[in-house]
1. Given a Förster distance of 56 Å, report the FRET efficiency between Asn372 and Ser289 from their Cβ-Cβ distance, rounded to the nearest 0.05.
2. Please state the charge dipole magnitude for the chain, taken about the Cα centre, from unit charges on C-beta atoms (+1 on K and R, -1 on D and E), reported in debye and rounded to the nearest 20.
3. Give me the dipole magnitude in Debye, nearest 20, for segment 326-462 about the Cα centre, with unit charges on the beta carbon: positive for Lys and Arg, negative for Asp and Glu.
4. Could you state how much accessible area Met220 has, in square angstrom rounded to the nearest 10, with a 1.4 Å probe and all protein chains kept in place?
5. Keeping all protein chains in place, calculate the accessible area per residue for segment 215-326 (probe 1.4 angstrom), answer in Å².
6. Just the accessible area for Cys415, please: 1.4 Å probe, Å², rounded to the nearest 10?
7. Please sort by residue number the trypsin sites (Lys or Arg not before Pro) in segment 71-167 whose DSSP state is loop and whose Cβ has at most 11 other Cβ atoms within 10 Å.
8. Across bins of 10 angstrom width beginning at 0, how are the C-alpha pair distances of segment 201-310 distributed, in whole percent?
Amino acid sequence: MSTSSALPYLGKGAEEVDTSILQVLETALPNTFGNAARSLFMLDEEYTNLNHGSFGAVPRAVHEASDVLARYIECNPDRYIRQEHTARIDTARAVIANHIGVDRDTCVFVPGVAAGIATVLRNFQWTSQDIILCTDTIYDTISSIVKETCKGENRPQRSVFALNLPLSHSSILVQFRQHLESLKNQVQLTVPTGTDSDTTIAGKIIVIVESIASSPGILMPWQEMVQICRSQNAWSVVDAAHSLGQERDLNLNAVDPDFWISNGAKWCYAKRGCAILYVPFRNQDMITSGVLPGLTYKSPGISPTRFVWQFYWSGLMDPVPPVSIAYALKFRQHIGGEIMIQKYCHELAMEGGRRMAEIMNTSVLDSTDFENSGELIANMVNVELPLSSTTMPSDEIYLLFSQELFETYKIFSTCFFWQKKWWTRVSAQIYNEVGDFERLANAFLDICDKFTSTAPTKPQCS
């Protein structure tokens, strides 16, 4: 279906636009998952995408529904932004809030997860007794935000919780609690007050909790980690970049994190530039502004809270991507629903990962608790590559991986060096099949064989 032939004239009003959008979304007929589902996306026919987790892939119907709205906006940008934008944002906020089990007015849109986490951290009042805790698997951009937050006088300290994977969820929780308890003792400080008694001032602990880590791509016991944070009076800031569309039955009202930020464009099929910041009512007063203050155009018929108002539009964001989350969730429901989508992707990740390890004679990064095999795996699986640990990670190596995969084999997944081994993180999506994983494994066999004879190695001790 071509975009140009599907789009009607859009000058007659918002109701006709909504009707057109619904018609576009309903053209995405339910399809058998696997390579047949490629027709629902706009992927190059010669390319096999096994890296959905990095940038997602927008379904054709979601893209075209968003294009309907974009064309309507351009008919009269002033009218839309001044009179209609906030209402559409409110509708989209209601849809995503229902999806994650919270009140609409606890959810706002931000451009990305990094922007959301930066917004949260910049609104804390810091002292030198405070600590920001993160894992050693934290995403590079988030790590940079934490390091920048900790620079200077009267700024927090940074603590790193090392995940010595492979581990079971139960082991991660035991070690996390121990680490947090040790920090709790560190943040106690006795300050002379000039009186007969001293005043004990406790610093605060803010924990960046990853729901699904990026590299390696592992499902963390994040809900239990939030509970541990609460028991230790630590703030929980959940980096849930990979959760929407990869974790089902989300109920943030029950988990009750202090902050939760997720990307709608990675796994949930929304347009890029759509992320959700959840802030429960109890914490909204401390959020005085986003990274960029919102513009305050008064729109008819709305009376939002101060917190919600400042996130409607920053003036630099495309107004379409946040609204597209509603189109994406409608699309997902139409092709089978969350349970069916995520069941297919998880089972494919498990089977595809095992098959790759068999072909390459390596291993899958999984839980050490054999009774809970697969508990670290959502829809991404980490498979060891047949490349010696003496092959040093470098920009050249990563570029060579990319060039070979893209140009020679027309396939891609990310590669990374972790705990003295080379790995690939492979994403399973509804348009993939086990055969795609097998092709990727054989490509890596060839590439790693080339690297073995050409890559620089660590000097050997005499």
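1. 0.85
2. Result for the chain is approximately 760 debye, rounded to the nearest 20.
3. Numbers: 12 positive and 18 negative charges, 51 e Å.
Charge dipole, segment 326-462, about its Cα centre: 240 debye, nearest 20.
4. Approximately 10 Å² for this residue.
5. Numbers: 4050 Å² over 112 residues.
I get 36 Å² per residue for this part.
6. For Cys415, the solvent-accessible surface is approximately 20 Å².
7. Loop-located and lightly packed - Lys151.
8. Values per bin, smallest distances first: 12, 38, 35, 13, 2.
The values are calculated or read from the model by the stated rules, or taken from the named source; none is laboratory data. Since this is a predicted model, take the numbers as computed values, not measurements. Positions of Cβ are backbone-derived with ideal geometry, glycine not excepted, and every protein chain shown enters the neighbour counts. These area figures cover heavy atoms from the full protein model, side chains too; ligands, DNA and RNA do not enter into them. Shrake-Rupley method; radii C 1.70, N 1.55, O 1.52, S 1.80 Å.
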